[in-house]
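Working notes, beginning with the structure itself.
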Amino acid sequence: MTQLEVFNPSTNEVIERLDYTNHDEINSQIKHANDAFQDWKLVDAHERSAKLYQWANLIDEHQDDLAKLITLEGGKPLDEAKGEVTYANAYVKWYAEEAKRVYGRTIPANTPSKKIVIDKFPVGVVGAITPWNFPAAMITRKMAPALAAGCTIICKPAVKTPLTTIKLVELAHKAGIPKDAISYIIASGKDAGDIFTSHESIHKLTFTGSTAVGKSLIEQSAKSVKNVTMELGGLAPLIVHKDADIEAAVQGTIDSKFRNAGQTCICANRIFVHRDIAEQYTAQLIDKVHALIVGDGLQDDVKVGPLIDNNAVKKVLTHITDAQEKGGKLSRTLDEIQSLKGNFLKPVVISNANLGMKVMHEETFGPVAPVMVYDDLDEAIKMANDTEFGLASYFFTNDYRTGLKLYNELEYGVIGWNDGGPSAAHAPFGGLKESGYGREGGTEGIEPYLETKYLSIGI
Ligand code: SIN
C-alpha cells in the first residue's frame, strides 16, 4: 500500500511518511471504540473531567512542540500556531468543566400519579472528519465535548495535517484517557466518509470542511439517519460603516482577513465600505497589508505563511486575475504578488470591487481583500446576505442603533461587531443556511454528543 506523504507547504519538502489505516483496521478500531464506549459512558463525570484536565495540562506542557508541528505541516506562522494551541486547549479546559454540567430536568406531569424525568445520554461512537486549516483546534473542539459527554471518538484528520492530531491523541492517552476512547485513522476523506456514514457502530458524524463535501456526507448519512453536525463553508462579509473608528476597522479587517493567510472559513471574504470613508479606509488598509511580512512560518516576524499547496495558489490567482479583468484595482502588481514563488503569495487589496467578481461570491481562501463601496446601509446588508452561506460576518460602527440593526438583520451564526476575531471556546460557533448545522464550543457544543430520553413514572 502506498504511504501518505506529509509536506511542509513552505518548502514543499516531505516531512513525514505515514501508513494509511486499511479497511480491516478501521473496522476493528470502530469495534474497539464501541467496546470502550460501554465503559467510558459509565465513568463518573468528575473522573472524565479530571482526565480532560490532565490532557489539557499535557497540551500546555507541549505547546511549543505542537505549535512547531502546526507550522511545519500547515504553514501558519509560529506565533499564530502557538495561539492556535492555546485556543485548541481552551476547548479541552471548557469541556473538562462542562462534563460535570450535563443536566436533566423534571417536568410537572398532567396527573399527580405520574412524574416525568428528562435525562441526557451520550450518543455513542463518534466519527470526526477535520480540515487542515486548524490542525489542533478543529480536533479538540470535537474530541473534548465528545469525551466529556461520555462518547468515544475516532478522528480522521486532513491528510495534509495529520501530525498534530497524532501528537494530541498521544497526549490524551498519556493523560489516562483510554486508548480506544480516542483514536485516529489515516485515510482519505472519501474512505473515511464512506465508512463513518455507513457503519452501524458509528452513531454520530461530525464534519468540518467544504459545503460540497458536507452535502454529500449528509446525503450518505441519510441512509442510516445518522446523527450529523456540519461546520461548512463561509463567505463572510465585513461592513465598515461611515461612523466607524477607521483605525480599529482596518486592524479588525487585518485580524479577520489575514489569519492563516486568509485560509479560514470565517475570514472576511467581501469587504463593503461606506463611500464617505472608503478612500481613507482603503489607503490605511493597503499600508498595513503591505507591511505584513510573508515567509516561512518558522522565521521571526513572519505574519503571513504559505498557502497550503499549489492548487490553492492557482485558485487564489484565478480570483485575483478575474477581479482585475472586471475592473478591480490591485494594490500591488501580479508579479509582485507572486515574487516569493513556491506556495507564497503576497497579500493584496483589490479596490473598486464589484459583485460580478469571483472574490465577491466564491470563497477565496487566500490573502486577498476586495473592497467594494456602498452608499446605503440597507443595500450593504442586502448584498451581505445575498449568499447561500451564513457562517460569520463582521461590521464596524460606533453607533449602537446601526450596530443593533446589523446584528438583527445579518443572517449569520457568528457576528463580530468592532471585532475581527470573535472565535472563543466558550461561545457557540456554527453557521446558518448552507454553512451547516449544530454548534461547536460553548454550552451548546456538548449537545450534539448527547441524546435526550424521558421517563414517565407512574407513582
Ligand atoms: C474555521 O475557519 O473553520 C474556524 C475558525 C475558528 O474557529 O476561529
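Please tell me if Phe389 is open to solvent by 10 Å² or more (accessible area, probe 1.4 Å) and either over 28 Å from the mean Cα position of the chain (by Cα) or within 30 Å of Thr11 (Cβ to Cβ) (or both).
When the stated conditions are applied, Phe389 does not pass them.
Does segment 201-237 hold any residues that are within 15 Å of Asn133 (Cβ to Cβ), aliphatic (A, V, I, L, M) and touching a residue at least 40 places away in the same chain (Cβ under 8 Å), and which are they?
Result: Leu232, Ala236.
Sort out which residues of segment 112-167 are touching a Cys at 6+ places or on another chain (Cβ under 7 Å) and on the phi > 0 side of the Ramachandran plot, and write them in order of number.
Gly124
Consider only pairs whose beta carbons are under 6 Å apart and that are at least six residues apart or on different chains; among these, list those whose first residue lies in segment 334-353 and is on the phi > 0 side of the Ramachandran plot and whose second residue is open to solvent by 30 Å² or more (accessible area, probe 1.4 Å) and among the small types (Gly, Ala, Ser).
Here the result reads Asn352/Gly327, each pair linking segment 334-353 to a residue that is open to solvent by 30 Å² or more (accessible area, probe 1.4 Å) and among the small types (Gly, Ala, Ser).
Which residue pairs have Cβ atoms closer than 7 Å, lie 6 or more positions apart in sequence or on different chains, and pair a first residue in segment 112-126 that is of a type in the set (Lys, Arg) with a second residue that is at pLDDT 95 or above and not in a strand (DSSP E or B)?
If the second residue must be at pLDDT 95 or above and not in a strand (DSSP E or B), the pairs left are Lys120/Val102; Lys120/Gly104.
In segment 79-109, which residues are of a type in the set (A, V, I, L, M, F, W, C) and open to solvent by less than 10 Å² (accessible area, probe 1.4 Å)?
Hits for segment 79-109 are Ala81, Val85, Ala88, Val92, Ala96, Ala99.
Which members of segment 274-291 meet the condition of being buried (at least 16 other Cβ atoms within 10 Å of the Cβ), in contact (Cβ under 8 Å) with a residue 60 or more places away in the chain and not polar (S, T, N, Q)?
His274, Ala278, Tyr281, Leu285, Ile286, Val289
Of all residues in segment 401-430, which are away from the ligand (no atom under 12 Å from the Cβ), surrounded by 18 or more Cβ atoms within 10 Å (Cβ to Cβ) and in a loop (DSSP other than H, G, I, E, B)?
Listed by number, the residues that qualify are Leu410, Tyr412.
Just to be sure, is Val159 touching a Leu at 6+ places or on another chain (Cβ under 9 Å), in a strand (DSSP E or B) and away from the ligand (no atom under 16 Å from the Cβ)?
When the stated conditions are applied, Val159 does not pass them.
Might you let me know whether segment 378-395 holds any residue that is within 18 Å of Ala261 (Cα to Cα), away from the ligand (no atom under 16 Å from the Cβ), among the small types (Gly, Ala, Ser) and at pLDDT 95 or above?
Checking segment 378-395: not a single residue is within 18 Å of Ala261 (Cα to Cα), away from the ligand (no atom under 16 Å from the Cβ), among the small types (Gly, Ala, Ser) and at pLDDT 95 or above.
Within segment 363-385, does at least one residue satisfy the condition of being assigned to a strand (DSSP E or B), open to solvent by 20 Å² or more (accessible area, probe 1.4 Å) and of a type in the set (A, V, I, L, M)? Give the steps one after another, and end with the answer.
Keep residues of segment 363-385 that are assigned to a strand (DSSP E or B), which gives 368-374.
Right, trim to open to solvent by 20 Å² or more (accessible area, probe 1.4 Å) and you get 372-373.
Next, only the ones that are of a type in the set (A, V, I, L, M) stay: 372-373.
Yes, some residue in segment 363-385 is assigned to a strand (DSSP E or B), open to solvent by 20 Å² or more (accessible area, probe 1.4 Å) and of a type in the set (A, V, I, L, M).
The values are calculated or read from the model by the stated rules, or taken from the named source; none is laboratory data. Predicted model, so just to flag it, every value in this text is computed and none were measured. All Cβ positions, even for glycine, are placed from backbone atoms using ideal geometry, and neighbour counts span all protein chains on display. We work out accessible area using only protein heavy atoms, side chains counted, and drop any ligands, DNA or RNA first. Shrake-Rupley method; radii C 1.70, N 1.55, O 1.52, S 1.80 Å.
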